[in-house]
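Visitor: Provided herewith is a single structure, encoded as structure tokens, for subsequent inquiry.
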Amino acid sequence: MVKKMPPLVPAHDTIVDLLVIGSGTGMSAALAAHELGLSVVIAEKTAYVGGSTARSGGAFWIPGSSILPEPHEPGVAEAATYLGAVVGDSAPAERGTAFLDHGADTVAMLQRTTPMRFFWAEGYSDYHPEKPGGRAAGRTC
Ligand SMILES: Cc1cc2nc3c(=O)[nH]c(=O)nc-3n(C[C@H](O)[C@H](O)[C@H](O)COP(=O)(O)OP(=O)(O)OC[C@H]3O[C@@H](n4cnc5c(N)ncnc54)[C@H](O)[C@@H]3O)c2cc1C
């Protein structure tokens, strides 16, 4: 749901630990920073909160999280195989590694810092279940 912003807040001459440009997925970074005690400002250019993220299906594919019915380690290793098969050399390997290394912690952070509750969309297949590491039962939440 797209929410209209409250009246604009001027932020002239403000010093913060983290400035997030745009109120989409960057809000997760803002939440994590706020939880760590950092001061944060989210600067949004429109009168609405959420960007494409607010209009999305809200589904996330984050292997290794506690939402999925599997132990963390083998789940992440299998997902790494799948990412390798699907993404290949089309993106820097470090991004995939960071995604796999920190995904579960990110989901746990969202559970701690928001009222959101998640569930496994069992049967919502991975887009390429035929690839190595792919799953017909899916890993989407
Ligand atoms: C209909 C639809 C359904 C989708 N469903 C899914 C799904 O289920 N699962 C999934 O993983 N992905 C889904 N996606 C894709 C996903 O929504 C996007 O990839 C994701 O939301 C992009 O996040 P973002 O933070 O990069 O951008 P956004 O969420 O668009 O956030 C960017 C924000 O930055 C603001 N902004 C831009 N420039 C500036 C500036 N100069 N100064 C200040 N603010 C600025 C914008 O106004 C916007 O609010 C879907 C996409 C669509 C369109």
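Visitor: Provide ASP17, ASP126 in ascending order of the number of other Cβ atoms located within 10 Å of each residue's Cβ, fewest first.
Guide: ASP17, ASP126
Visitor: Report the semi-axes of the equivalent ellipsoid for region 69-141 in whole Å, largest first, where each axis is √(5λ) for an eigenvalue λ of the Cα gyration tensor.
Guide: In descending order, the three semi-axes are 22, 17, 10 Å.
Visitor: Let me ask something else. Pairing the Cα long axis of helix 72-87 with the longest principal axis of the chain, what angle in degrees results, from 0 to 90 and rounded to the nearest 10?
Guide: It works out to around 90 degrees.
Visitor: Note down the magnitude of the dipole of the chain about its Cα centre, charges +1 on Lys and Arg C-beta and -1 on Asp and Glu C-beta and zero elsewhere, to the nearest 20 debye.
Guide: In debye, rounded to 20, the chain gives about 620.
Visitor: Oh, and also: Angle between the Cα long axis of helix 26-35 and the longest principal axis of the chain, 0 to 90 degrees, nearest 10?
Guide: 80 degrees
Visitor: Same structure, new question: Quick check on packing: order 98-104, 83-89 by the mean number of other C-beta atoms within 10 Å, highest mean leading.
Guide: Descending packing order for the listed peptides: 98-104, 83-89.
Visitor: Hey, another quick one. Hey, what number do you get for the chain at 222 nm if only DSSP H runs of n ≥ 4 count, each worth -39500 (n - 2.57), divided across all residues, to the nearest 500?
Guide: So the helix-based figure for the chain works out to -11500 deg cm²/dmol.
Visitor: Calculate the all-directions average of the projected area of the chain's alpha-carbon convex hull, and give it in nm².
Guide: Over every viewing direction, the Cα hull of the chain projects on average to 10.0 nm².
Visitor: So, one more: Farthest toward the dipole's positive end in the chain, which of GLY50, GLY84, LEU110, given Cβ charges of +1 (Lys, Arg) and -1 (Asp, Glu) about the Cα centre?
Guide: GLY50
None of the figures in this text is laboratory data; all of them are computed from the coordinates on show. Predicted model, so just to flag it, every value in this text is computed and none were measured. Cβ atoms come from the backbone with ideal geometry, glycine included; neighbour counts cover every protein chain shown.
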